[in-house]
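Undergrad: Questions regarding the structure given below will be posed in turn.
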Amino acid sequence: MIINIGGVVTGPSPLSLLSGIAPGGTFPIGTTTNTYQVTDVAGNTATCSFNVTVNDTQNPTINCPGNITVTTPVGSCTAVVNYTVTSSDNCPGVTQVLQSGLASGSSFPLGVNTVTWKATDAAGNISTCSFTVTVNDGQLPVITSQPTNKTACSGSNVTFSVTSTNTTSYQWQSFNGSAWNDIAGATTSSYTVSNVNVGMNTNSFRVKVTGLCTTVTSNVATLYVNPLPVVSLVTSIPPALLPGQTLNINSNVSI
């Protein structure tokens, strides 16, 4: 029975959810609009709406391998490296991309190569990881006997030499006081300085030893040049002698 008292209809007024998710439900990432309607016993209705916004602020997880060290195979100056990068997130939709460096399966050059990957989830949260791939030269030239300092007298010839393995070429250099310069034609394991003079004293030399992929530089060797002694003769009287005369000859040596 419905009784109208003072223009107000009394009785049950059921509330219904027109759209959205009921209280206690699990709301997805993003904005959900909830709309409710209330109806009185006379059939009059009223509605209201509100938004529930769920933000994803959790960064995805991305896992790079540890640092990798490899050696080039014989006859090559690069090495093929395979690796695996994985990523995950609390919500579906994470993607990963190579941000810098080389992809798995690429031929990596000699030296230290840094690889960086980025993971992005559906909400735009980002995580990165990095690792290095170090490629060592499998045919590295090795100097087993370094050039050594040499001391010689003016006018003589002096030879500097080096002994090395895995070598394809040599280039000797001299130092001019500010820079090292290649010596034309000095491209064997030894280099001879001909007819040295005191002006070459303390000149410095070294050699660049080149292998299939890498060039190494020897120690520096120094040339020391001693001047030739100067001998002077002093006579007690002029050296034009008459019969029966004698003279004394003294020698003086200076360096």
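The values are calculated or read from the model by the stated rules, or taken from the named source; none is laboratory data. Treat the numbers as computed from the prediction; the structure is a model and nothing was measured. Counting neighbours? That spans all protein chains shown, and the Cβs are built from the backbone with ideal geometry, glycine included. The area values use the complete protein model at the heavy-atom level, side chains included, leaving out ligands, DNA and RNA. Shrake-Rupley method; radii C 1.70, N 1.55, O 1.52, S 1.80 Å.
Undergrad: When you have a sec, figure out the Kirkwood radius of segment 129-229 from all distinct Cα pair distances and drop it here in Å to one decimal?
TA: 14.9 Å
Undergrad: Under 5 Å between amide H atoms, partner at least 5 residues away or on a different chain: which partners does residue 153 have, H built in plane at 1.01 Å?
TA: Amide H neighbours of residue 153, under 5 Å, 5+ apart: 226.
Undergrad: Moving on to the next point. Could you size up the charge dipole of the chain around its Cα centre, putting +1 on the beta carbon of Lys and Arg and -1 on that of Asp and Glu, and report it in debye to the nearest 20?
TA: Value, rounded to 20: 980 debye.
Undergrad: Shifting gears a bit: I'd like to know how the chain sits against the 2.2 N^0.38 Å rule of thumb: what's its Cα Rg over that expected value?
TA: Normalised Rg, Cα atoms only: 2.52.
Undergrad: Now for a separate question. Starting from the 7 Å offset along Cα-to-Cβ, what nm value, one decimal, do you get for the label separation of residue 104 and residue 159?
TA: In this crude label model, residue 104 to residue 159 measures out at 5.6 nm.
Undergrad: What number in nm² do you get for segment 35-105 if you take the convex hull of its Cα atoms and divide its surface by four?
TA: Values: hull surface 32.9 nm².
Averaging across all directions leaves 8.2 nm² for the Cα convex hull.
Undergrad: Can you tell me how much longer the chain between residue 31 and residue 90 gets when fully stretched, taken as 0.36 nm per residue apart minus their C-alpha distance, in nm with one decimal? Could you put the intermediate results ahead of the total?
TA: Working: separation 59, 0.36 × 59 = 21.24 nm, distance 1.78 nm.
Extending this stretch completely gives an extra 19.5 nm.
Undergrad: What does the convex hull of the Cα atoms come to per residue for segment 143-192, in Å³?
TA: On the way: hull volume 5.1 nm³, N = 50.
Hull volume normalised by residue count: 101 Å³.
Undergrad: Of the accessible area of the chain, with the probe set at 1.4 angstrom, what percent is carbon plus sulfur? Intermediate values should be presented prior to the final figure.
TA: On the way: 8030 of 15180 Å².
Its accessible area is 53 percent carbon and sulfur atoms.
Undergrad: Calculate log10 I(q)/I(0) of segment 174-228 for q = 0.21 Å⁻¹, where I(q) comes from the Debye formula with a single equal point scatterer on each Cα and nothing for solvent.
TA: So the normalised log intensities are -0.89.
Undergrad: Where in segment 215-234 does the label zone of residue 247 land, with the point 7 angstrom along Cα→C-beta and an amide N cut-off under 20 Å?
TA: 231-234
Undergrad: Hull surface divided by four, with the convex hull built on the Cα atoms of segment 65-171: how many nm²?
TA: 10.4 nm²
Undergrad: Oh, and also: Hey, in the chain, which Cys have no second cysteine's beta-carbon closer than 4.7 Å?
TA: 48, 91, 153
Undergrad: Taking the Cβ-Cβ separation of residue 54 and residue 128 as r and a Förster radius of 25 Å, what is the calculated FRET efficiency to the nearest 0.05?
TA: Working from the Cβ atoms, E equals 0.50.
Undergrad: Taking 7 Å along the Cα-to-C-beta vector as the label spot, tell me the residue 140-residue 152 distance in nanometres, rounded to one decimal.
TA: The modelled label-to-label distance comes out at 3.4 nm.
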